[in-house]
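Participant: Before I ask anything, here is the structure I am working with.
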Amino acid sequence: MALRTPLYDTHRKAGARLVEFAGWEMPVQYEGILAEHEAVRTRVGLFDVSHMGEVVFRGPGALEALNRLFTNDLSRVADGQAQYGCLCADNGGVVDDVVIYRRAADDLLVCVNAANRQKDFAWLSSRTGGAAEVRDESDEWGQLALQGPLAAQLLQRLTNVNLSALRSYRFARGEVAGIPCLVARTGYTGEDGLELFCPAASAVPLWDELTEAGRHEKLAPCGLGARDSLRLEMAYRLYGADMDDSTTPLEAGLGWVVKLDKGDFVGREALLKQKAQGILRKLVGFVLTDPGIARHGYPVLQEGARVGEVTSGTRSPTLGTSIGLAYLPPALAAEGSTFAVDIRGRPAAARAVKTPFYARNPGNPGHP
(Lines give C-alpha, C1' and ligand atoms only; values in the text may rest on other atoms or scores of the structure.)
Protein backbone atom coordinates (compact mmCIF):
# COMPACT_ATOMS: atom_id res chain seq x y z
CA MET A 1 0.00 0.00 0.00
CA ALA A 2 1.30 3.45 -0.92
CA LEU A 3 2.28 5.84 1.86
CA ARG A 4 0.34 9.04 2.42
CA THR A 5 1.34 12.47 3.69
CA PRO A 6 -0.68 14.20 6.42
CA LEU A 7 -2.37 16.19 3.62
CA TYR A 8 -3.80 13.18 1.75
CA ASP A 9 -7.42 13.86 2.74
CA THR A 10 -6.99 17.56 1.98
CA HIS A 11 -5.81 16.73 -1.54
CA ARG A 12 -8.73 14.37 -2.10
CA LYS A 13 -11.30 16.90 -0.94
CA ALA A 14 -9.74 19.51 -3.23
CA GLY A 15 -10.26 17.22 -6.22
CA ALA A 16 -6.60 16.48 -6.88
CA ARG A 17 -5.71 13.64 -9.21
CA LEU A 18 -3.60 11.28 -7.11
CA VAL A 19 -0.87 8.97 -8.43
CA GLU A 20 1.78 6.70 -6.96
CA PHE A 21 5.20 8.38 -6.77
CA ALA A 22 8.25 6.97 -4.99
CA GLY A 23 5.97 4.76 -2.92
CA TRP A 24 3.66 7.64 -2.00
CA GLU A 25 0.14 8.52 -3.09
CA MET A 26 0.61 12.12 -4.20
CA PRO A 27 -1.30 14.78 -6.16
CA VAL A 28 -0.05 15.02 -9.74
CA GLN A 29 -2.37 17.93 -10.54
CA TYR A 30 -5.36 19.94 -9.34
CA GLU A 31 -6.68 22.35 -11.97
CA GLY A 32 -4.13 21.15 -14.52
CA ILE A 33 -0.38 21.07 -15.01
CA LEU A 34 -0.25 24.03 -17.42
CA ALA A 35 -2.36 26.27 -15.18
CA GLU A 36 -0.35 25.33 -12.10
CA HIS A 37 2.95 25.84 -13.91
CA GLU A 38 1.84 29.32 -15.00
CA ALA A 39 0.67 30.17 -11.48
CA VAL A 40 4.17 29.52 -10.09
CA ARG A 41 5.88 31.47 -12.87
CA THR A 42 3.54 34.48 -12.57
CA ARG A 43 1.97 34.41 -9.07
CA VAL A 44 2.35 31.76 -6.40
CA GLY A 45 1.81 28.03 -6.02
CA LEU A 46 1.67 25.74 -3.00
CA PHE A 47 3.12 22.21 -3.03
CA ASP A 48 2.92 19.39 -0.52
CA VAL A 49 6.43 17.94 -0.33
CA SER A 50 5.95 16.13 2.97
CA HIS A 51 7.05 12.90 1.26
CA MET A 52 10.64 14.16 1.39
CA GLY A 53 12.79 12.70 4.16
CA GLU A 54 14.58 14.36 7.07
CA VAL A 55 17.65 12.76 8.63
CA VAL A 56 19.21 14.63 11.56
CA PHE A 57 22.85 14.56 12.73
CA ARG A 58 23.43 15.65 16.32
CA GLY A 59 26.35 15.77 18.73
CA PRO A 60 29.81 17.33 19.02
CA GLY A 61 31.09 15.33 16.02
CA ALA A 62 28.04 15.89 13.80
CA LEU A 63 29.50 18.45 11.40
CA GLU A 64 32.75 16.58 10.82
CA ALA A 65 31.00 13.21 10.46
CA LEU A 66 28.49 14.51 7.92
CA ASN A 67 31.12 16.45 5.98
CA ARG A 68 32.98 13.17 5.39
CA LEU A 69 29.87 11.82 3.66
CA PHE A 70 29.10 14.90 1.56
CA THR A 71 30.70 16.19 -1.63
CA ASN A 72 30.29 19.89 -0.81
CA ASP A 73 32.06 21.58 2.10
CA LEU A 74 29.96 22.08 5.21
CA SER A 75 32.84 23.83 6.98
CA ARG A 76 32.09 26.84 4.77
CA VAL A 77 28.46 26.97 5.91
CA ALA A 78 27.28 29.19 8.76
CA ASP A 79 24.48 28.48 11.21
CA GLY A 80 21.21 29.34 9.48
CA GLN A 81 22.56 28.45 6.06
CA ALA A 82 21.73 25.51 3.76
CA GLN A 83 23.96 23.79 1.23
CA TYR A 84 23.23 21.57 -1.77
CA GLY A 85 25.42 18.62 -2.70
CA CYS A 86 25.66 14.87 -3.18
CA LEU A 87 26.19 11.73 -1.17
CA CYS A 88 28.44 9.42 -3.17
CA ALA A 89 29.38 5.76 -2.98
CA ASP A 90 33.00 4.64 -2.93
CA ASN A 91 32.94 4.38 -6.73
CA GLY A 92 31.71 7.97 -7.09
CA GLY A 93 28.14 7.03 -7.99
CA VAL A 94 25.43 9.32 -6.61
CA VAL A 95 23.62 7.79 -3.64
CA ASP A 96 21.40 10.90 -3.48
CA ASP A 97 21.44 14.65 -3.94
CA VAL A 98 20.45 16.45 -0.77
CA VAL A 99 20.13 19.83 0.92
CA ILE A 100 21.71 20.13 4.35
CA TYR A 101 20.44 22.75 6.81
CA ARG A 102 22.97 23.75 9.47
CA ARG A 103 21.03 24.71 12.57
CA ALA A 104 24.28 24.49 14.56
CA ALA A 105 27.59 22.66 14.26
CA ASP A 106 26.09 19.94 16.42
CA ASP A 107 22.63 19.93 14.81
CA LEU A 108 22.24 19.43 11.06
CA LEU A 109 19.15 18.44 9.09
CA VAL A 110 19.59 16.48 5.84
CA CYS A 111 16.62 16.72 3.45
CA VAL A 112 16.68 13.59 1.26
CA ASN A 113 14.62 12.50 -1.73
CA ALA A 114 11.41 10.63 -0.97
CA ALA A 115 12.36 7.42 -2.80
CA ASN A 116 15.68 7.28 -0.90
CA ARG A 117 14.54 7.86 2.67
CA GLN A 118 15.29 4.40 4.04
CA LYS A 119 18.33 3.84 1.82
CA ASP A 120 19.88 7.17 2.76
CA PHE A 121 19.29 6.72 6.48
CA ALA A 122 20.90 3.29 6.40
CA TRP A 123 23.81 4.60 4.32
CA LEU A 124 24.39 7.66 6.51
CA SER A 125 24.01 5.93 9.87
CA SER A 126 26.31 3.05 8.90
CA ARG A 127 29.19 5.40 8.02
CA THR A 128 29.46 7.69 11.03
CA GLY A 129 31.41 5.28 13.22
CA GLY A 130 29.48 6.50 16.23
CA ALA A 131 30.81 10.04 15.81
CA ALA A 132 27.30 11.48 15.80
CA GLU A 133 23.73 10.57 16.66
CA VAL A 134 21.85 9.95 13.40
CA ARG A 135 18.04 9.88 13.49
CA ASP A 136 15.42 9.44 10.80
CA GLU A 137 12.83 12.07 11.73
CA SER A 138 10.93 11.93 8.44
CA ASP A 139 7.60 10.95 9.98
CA GLU A 140 7.79 13.84 12.44
CA TRP A 141 7.90 16.52 9.75
CA GLY A 142 5.54 18.08 7.26
CA GLN A 143 7.01 20.12 4.43
CA LEU A 144 5.27 22.66 2.19
CA ALA A 145 6.80 24.63 -0.69
CA LEU A 146 5.41 28.10 -1.40
CA GLN A 147 6.87 29.14 -4.76
CA GLY A 148 6.50 32.08 -7.11
CA PRO A 149 7.16 35.83 -7.40
CA LEU A 150 4.40 36.62 -4.88
CA ALA A 151 5.38 33.91 -2.37
CA ALA A 152 7.31 36.14 0.03
CA GLN A 153 4.66 38.86 -0.12
CA LEU A 154 2.00 36.34 0.89
CA LEU A 155 4.04 34.62 3.58
CA GLN A 156 5.22 37.84 5.23
CA ARG A 157 1.64 38.56 6.30
CA LEU A 158 1.62 35.30 8.27
CA THR A 159 5.10 35.09 9.79
CA ASN A 160 7.32 36.88 12.30
CA VAL A 161 10.41 35.98 10.22
CA ASN A 162 11.81 38.98 8.35
CA LEU A 163 11.77 37.55 4.84
CA SER A 164 13.46 40.57 3.26
CA ALA A 165 16.57 39.68 5.28
CA LEU A 166 16.39 35.99 4.37
CA ARG A 167 18.68 35.45 1.39
CA SER A 168 18.86 32.47 -0.92
CA TYR A 169 19.82 29.26 0.86
CA ARG A 170 19.32 30.82 4.29
CA PHE A 171 16.70 29.81 6.81
CA ALA A 172 15.25 30.91 10.13
CA ARG A 173 13.05 29.48 12.83
CA GLY A 174 9.82 31.29 13.50
CA GLU A 175 6.07 31.00 13.38
CA VAL A 176 3.77 30.93 10.37
CA ALA A 177 0.14 31.56 11.32
CA GLY A 178 1.14 30.64 14.87
CA ILE A 179 2.70 27.32 13.81
CA PRO A 180 6.39 26.75 14.61
CA CYS A 181 8.33 26.33 11.36
CA LEU A 182 11.76 26.28 9.86
CA VAL A 183 11.40 28.83 7.04
CA ALA A 184 13.94 28.34 4.23
CA ARG A 185 14.60 30.43 1.11
CA THR A 186 14.93 27.34 -1.05
CA GLY A 187 12.95 25.65 -3.79
CA TYR A 188 12.89 23.46 -6.89
CA THR A 189 11.11 25.73 -9.37
CA GLY A 190 13.50 28.51 -10.36
CA GLU A 191 11.25 31.16 -8.87
CA ASP A 192 11.63 32.92 -5.57
CA GLY A 193 9.99 30.99 -2.80
CA LEU A 194 10.08 29.43 0.63
CA GLU A 195 10.05 25.88 1.93
CA LEU A 196 8.37 25.41 5.29
CA PHE A 197 9.25 22.55 7.64
CA CYS A 198 6.64 22.07 10.35
CA PRO A 199 5.49 19.36 12.77
CA ALA A 200 3.60 16.68 10.82
CA ALA A 201 0.46 17.33 12.86
CA SER A 202 0.54 20.99 11.78
CA ALA A 203 0.75 20.35 8.02
CA VAL A 204 -3.01 20.52 7.43
CA PRO A 205 -3.65 23.75 9.39
CA LEU A 206 -0.57 25.33 7.78
CA TRP A 207 -1.82 24.40 4.31
CA ASP A 208 -5.26 25.79 5.14
CA GLU A 209 -3.87 29.08 6.48
CA LEU A 210 -1.67 29.58 3.42
CA THR A 211 -4.52 28.73 1.06
CA GLU A 212 -6.89 31.17 2.75
CA ALA A 213 -4.31 33.96 2.96
CA GLY A 214 -3.30 33.34 -0.65
CA ARG A 215 -6.71 34.17 -2.11
CA HIS A 216 -5.49 37.73 -2.67
CA GLU A 217 -2.53 36.47 -4.77
CA LYS A 218 -4.68 33.83 -6.50
CA LEU A 219 -2.56 31.06 -5.00
CA ALA A 220 -2.84 27.72 -6.80
CA PRO A 221 -2.42 24.32 -5.14
CA CYS A 222 0.10 22.46 -7.30
CA GLY A 223 0.97 18.84 -7.94
CA LEU A 224 3.99 16.85 -9.01
CA GLY A 225 3.31 17.44 -12.70
CA ALA A 226 3.96 21.18 -12.46
CA ARG A 227 6.86 20.58 -10.08
CA ASP A 228 8.51 18.43 -12.74
CA SER A 229 7.99 20.85 -15.65
CA LEU A 230 9.17 23.79 -13.54
CA ARG A 231 12.35 22.06 -12.40
CA LEU A 232 13.15 20.83 -15.92
CA GLU A 233 12.93 24.34 -17.36
CA MET A 234 15.72 25.16 -14.90
CA ALA A 235 17.59 21.91 -15.76
CA TYR A 236 17.48 20.90 -12.10
CA ARG A 237 18.40 17.23 -11.84
CA LEU A 238 15.88 14.63 -10.71
CA TYR A 239 17.34 11.70 -8.82
CA GLY A 240 16.36 8.39 -10.38
CA ALA A 241 16.01 9.99 -13.82
CA ASP A 242 18.97 12.31 -14.46
CA MET A 243 21.35 10.63 -12.05
CA ASP A 244 21.63 7.62 -9.79
CA ASP A 245 24.29 5.35 -8.34
CA SER A 246 25.52 4.50 -11.86
CA THR A 247 26.36 8.15 -12.61
CA THR A 248 28.79 10.51 -10.91
CA PRO A 249 28.28 14.20 -10.05
CA LEU A 250 30.95 15.07 -12.63
CA GLU A 251 28.99 13.31 -15.38
CA ALA A 252 25.76 14.92 -14.18
CA GLY A 253 27.21 18.43 -14.47
CA LEU A 254 27.37 18.88 -10.71
CA GLY A 255 31.12 19.27 -10.42
CA TRP A 256 30.53 22.60 -8.70
CA VAL A 257 29.21 20.80 -5.60
CA VAL A 258 32.24 18.47 -5.46
CA LYS A 259 34.98 20.05 -3.33
CA LEU A 260 37.91 17.75 -4.00
CA ASP A 261 40.28 20.00 -2.02
CA LYS A 262 38.32 19.97 1.26
CA GLY A 263 39.83 16.75 2.59
CA ASP A 264 38.67 13.16 2.48
CA PHE A 265 35.06 12.17 1.84
CA VAL A 266 33.38 9.02 0.58
CA GLY A 267 33.86 8.76 -3.19
CA ARG A 268 36.67 11.35 -3.38
CA GLU A 269 39.33 9.01 -4.72
CA ALA A 270 37.06 7.74 -7.50
CA LEU A 271 36.08 11.28 -8.45
CA LEU A 272 39.71 12.45 -8.45
CA LYS A 273 40.56 9.60 -10.79
CA GLN A 274 37.62 10.33 -13.08
CA LYS A 275 38.47 14.02 -13.24
CA ALA A 276 42.08 13.20 -14.15
CA GLN A 277 41.08 10.70 -16.84
CA GLY A 278 38.18 12.73 -18.20
CA ILE A 279 34.49 11.82 -18.27
CA LEU A 280 33.15 9.63 -21.07
CA ARG A 281 29.64 11.07 -20.96
CA LYS A 282 28.02 14.30 -19.88
CA LEU A 283 24.49 15.41 -19.09
CA VAL A 284 23.50 17.84 -21.84
CA GLY A 285 20.51 20.13 -22.32
CA PHE A 286 18.82 20.08 -25.71
CA VAL A 287 15.83 21.38 -27.64
CA LEU A 288 14.00 19.54 -30.38
CA THR A 289 13.98 21.35 -33.71
CA ASP A 290 11.51 18.82 -35.14
CA PRO A 291 8.00 18.18 -33.79
CA GLY A 292 7.68 15.76 -30.90
CA ILE A 293 8.42 15.37 -27.19
CA ALA A 294 11.51 13.57 -25.92
CA ARG A 295 10.79 11.29 -22.97
CA HIS A 296 12.90 9.49 -20.38
CA GLY A 297 14.65 6.49 -21.91
CA TYR A 298 14.40 7.57 -25.56
CA PRO A 299 17.62 6.83 -27.51
CA VAL A 300 19.80 9.65 -28.81
CA LEU A 301 21.23 9.04 -32.29
CA GLN A 302 24.18 10.39 -34.24
CA GLU A 303 24.23 9.35 -37.91
CA GLY A 304 21.82 6.53 -37.05
CA ALA A 305 23.95 5.08 -34.24
CA ARG A 306 22.85 5.21 -30.61
CA VAL A 307 25.15 7.53 -28.66
CA GLY A 308 23.12 8.30 -25.55
CA GLU A 309 19.76 8.37 -23.82
CA VAL A 310 17.25 10.99 -22.75
CA THR A 311 16.90 11.26 -18.98
CA SER A 312 14.18 13.94 -18.78
CA GLY A 313 12.04 15.64 -21.40
CA THR A 314 8.84 17.63 -21.83
CA ARG A 315 7.26 20.45 -23.78
CA SER A 316 8.17 23.59 -21.87
CA PRO A 317 4.96 25.43 -20.89
CA THR A 318 6.85 28.71 -20.57
CA LEU A 319 8.92 28.51 -23.75
CA GLY A 320 6.57 26.53 -25.97
CA THR A 321 9.40 24.29 -27.18
CA SER A 322 10.35 20.68 -26.45
CA ILE A 323 13.29 20.48 -24.05
CA GLY A 324 15.26 17.69 -22.44
CA LEU A 325 18.39 16.36 -20.79
CA ALA A 326 20.47 13.46 -22.09
CA TYR A 327 23.78 11.75 -21.42
CA LEU A 328 26.01 12.18 -24.46
CA PRO A 329 29.69 11.81 -25.38
CA PRO A 330 31.62 15.01 -24.53
CA ALA A 331 32.12 15.68 -28.26
CA LEU A 332 28.35 16.28 -28.59
CA ALA A 333 28.05 18.35 -25.43
CA ALA A 334 29.08 21.67 -26.94
CA GLU A 335 26.36 24.26 -27.44
CA GLY A 336 25.04 24.00 -31.00
CA SER A 337 25.92 20.33 -31.51
CA THR A 338 23.22 18.48 -33.45
CA PHE A 339 21.87 14.95 -33.10
CA ALA A 340 18.52 13.17 -33.16
CA VAL A 341 16.16 11.67 -30.60
CA ASP A 342 14.42 8.44 -31.53
CA ILE A 343 10.76 9.12 -30.78
CA ARG A 344 9.05 5.76 -31.17
CA GLY A 345 11.02 4.88 -34.28
CA ARG A 346 11.08 8.39 -35.76
CA PRO A 347 14.30 10.42 -35.53
CA ALA A 348 13.58 14.00 -34.43
CA ALA A 349 16.33 16.58 -34.90
CA ALA A 350 17.75 18.13 -31.73
CA ARG A 351 20.35 20.73 -30.80
CA ALA A 352 22.46 21.05 -27.64
CA VAL A 353 21.80 24.31 -25.78
CA LYS A 354 23.06 26.11 -22.73
CA THR A 355 21.02 25.54 -19.57
CA PRO A 356 18.93 26.59 -17.77
CA PHE A 357 16.34 26.65 -20.52
CA TYR A 358 14.33 29.29 -18.67
CA ALA A 359 15.95 32.57 -17.63
CA ARG A 360 14.44 33.19 -14.23
CA ASN A 361 13.65 36.69 -13.13
CA PRO A 362 16.49 38.69 -11.50
CA GLY A 363 16.68 38.13 -7.76
CA ASN A 364 14.78 34.82 -7.77
CA PRO A 365 16.96 32.45 -5.72
CA GLY A 366 15.50 28.97 -6.20
CA HIS A 367 17.47 25.75 -6.17
CA PRO A 368 21.17 26.11 -7.09
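The values are calculated or read from the model by the stated rules, or taken from the named source; none is laboratory data. Everything quoted here is computed from the prediction, not taken from an experiment. No Cβ is skipped: glycine too gets one built from the backbone with ideal geometry, and neighbour counts run over all protein chains shown.
Participant: Given (1) without any contact (Cβ under 8 Å) to a residue 24 or more places away in the chain; (2) crowded, with 21+ Cβ neighbours inside 10 Å, identify the lone condition not met by A165.
Facilitator: That leaves (2) as the condition not met.
Participant: While we're on this one: Within the range 255-278, how many residues turn out to be surrounded by fewer than 17 Cβ atoms within 10 Å (Cβ to Cβ), part of a loop (DSSP other than H, G, I, E, B) and within 25 Å of the chain's Cα centre (by Cα)?
Facilitator: Residues meeting the conditions: 1.
Participant: Now for a separate question. Taking the conditions exactly as written (outside any loop (DSSP other than H, G, I, E, B) and in contact with a Lys or Arg (Cβ under 6 Å, 6 or more places away or on another chain)), does V40 satisfy them or not?
Facilitator: On the way: outside any loop (DSSP other than H, G, I, E, B): yes; in contact with a Lys or Arg (Cβ under 6 Å, 6 or more places away or on another chain): no.
Considered against the rule, which asks whether it is outside any loop (DSSP other than H, G, I, E, B) and in contact with a Lys or Arg (Cβ under 6 Å, 6 or more places away or on another chain), V40 comes out as no.
Participant: Could you go through the range 70-89 and let me know if any residue there is in the same structural domain as E209 (by TED's automatic domain parsing), out of contact with any helix residue (DSSP H, G or I) (no Cβ under 9 Å at 6 or more places or on another chain) and farther than 29 Å from L271 by Cα.
Facilitator: Applying the first criterion (in the same structural domain as E209 (by TED's automatic domain parsing)) to the range 70-89 yields none.
No - not one qualifying residue is present in the range 70-89.
Participant: Let me ask you something else. Just for the range 105-139: of the residues that are in contact with a strand residue (DSSP E or B) (Cβ under 7 Å, 6 or more places away or on another chain) and part of a loop (DSSP other than H, G, I, E, B), which one is surrounded by the most Cβ atoms within 10 Å (Cβ to Cβ)?
Facilitator: Here the residue is A132.
Participant: Hey, among A203, A241, A226, A252, which residue is buried (at least 19 other Cβ atoms within 10 Å of the Cβ), assigned to a loop (DSSP other than H, G, I, E, B) and not β-branched (V, I, T)?
Facilitator: Details: A203 fails: assigned to a loop (DSSP other than H, G, I, E, B); A241 fails: buried (at least 19 other Cβ atoms within 10 Å of the Cβ); A226 fails: assigned to a loop (DSSP other than H, G, I, E, B).
Checking each option against the conditions leaves just A252.
Participant: Please go through the range 13-36 and give me each residue that is of a type outside the set (V, I, T) and more than 30 Å from D120 (Cα to Cα), ordered by number.
Facilitator: Across the range 13-36, the qualifying residues are K13, A14, G15, Y30, E31, G32, L34, A35, E36.
Participant: Can you find a residue in the range 109-118 that is touching a His at 6+ places or on another chain (Cβ under 7 Å) and not aromatic (F, W, Y)?
Facilitator: From the range 109-118, those touching a His at 6+ places or on another chain (Cβ under 7 Å) are 114; that's our starting set.
From the residues that got through so far, the ones that are not aromatic (F, W, Y) too are 114.
Yes - at least one qualifying residue is present in the range 109-118.
Participant: Select from the range 209-223 the residues that are touching a residue at least 40 places away in the same chain (Cβ under 8 Å), surrounded by fewer than 21 Cβ atoms within 10 Å (Cβ to Cβ) and closer than 17 Å to T159 by Cα and write down the one among them that is nearest to the chain's Cα centre (by Cα).
Facilitator: Within the range 209-223, the subset touching a residue at least 40 places away in the same chain (Cβ under 8 Å) is 209-211, 213-214, 216-223.
Okay, now just the ones that are also surrounded by fewer than 21 Cβ atoms within 10 Å (Cβ to Cβ), so 209, 211, 213, 216-218.
Narrowing further to those that are closer than 17 Å to T159 by Cα: 209, 211, 213, 216-217.
Details: E209: 25, T211: 23, A213: 26, H216: 28, E217: 25 Å.
Ranking the qualifying residues of the range 209-223, first place goes to T211.
Participant: Still on this model: Of all the residues that make up the range 76-104, how many are among the acidic types (D, E) and part of a loop (DSSP other than H, G, I, E, B)? Lay out the reasoning, then the answer.
Facilitator: Quick first cut of the range 76-104, residues among the acidic types (D, E) only: 79, 90, 96-97.
Still in the running and part of a loop (DSSP other than H, G, I, E, B): 79, 90.
So the count comes out to 2.
Participant: Now for a separate question. So D342 fits all but one of (1) free of Cβ contacts under 8 Å to residues at least 60 places away in the same chain; (2) in a strand (DSSP E or B); (3) under 20 Å from A226 (Cα atoms); what number is the exception?
Facilitator: Exception for D342: condition (3).
Participant: In addition: Kindly indicate the residue of the range 10-38 that is charged (D, E, K, R) and without any contact (Cβ under 8 Å) to a residue 12 or more places away in the chain and also nearest to M52 (Cα to Cα) among those meeting that condition. Step through it out loud before you land on a result.
Facilitator: Going residue by residue through the range 10-38, those that are charged (D, E, K, R) are 12-13, 17, 20, 25, 31, 36, 38.
Of the ones still in play, those that are also without any contact (Cβ under 8 Å) to a residue 12 or more places away in the chain are 12-13.
Details: R12: 20, K13: 22 Å.
Once the filter is applied, the top-ranked residue is R12.
Participant: Give the range 316-339 a look and list any residue that's closer than 25 Å to G225 by Cβ and in contact with a Gly (Cβ under 9 Å, 6 or more places away or on another chain), or say none. If you could, list the steps in order and put the result at the bottom.
Facilitator: If we filter the range 316-339 for residues that are closer than 25 Å to G225 by Cβ, which is where we start, we get 316-327.
Of everything in the range 316-339, those that are closer than 25 Å to G225 by Cβ and in contact with a Gly (Cβ under 9 Å, 6 or more places away or on another chain) turn out to be S322, I323, G324, L325, A326, Y327.
Participant: Limited to the range 1-22, what total is found for residues that are among the aromatic types (F, W, Y) and either exposed (fewer than 14 other Cβ atoms within 10 Å of the Cβ) or in a helix (DSSP H, G or I) (or both)?
Facilitator: Here is the first cut: in the range 1-22, the residues among the aromatic types (F, W, Y) are 8, 21.
Add one more test, that the residue is either exposed (fewer than 14 other Cβ atoms within 10 Å of the Cβ) or in a helix (DSSP H, G or I) (or both), and what stays is 8.
Qualifying residue count for the region: 1.
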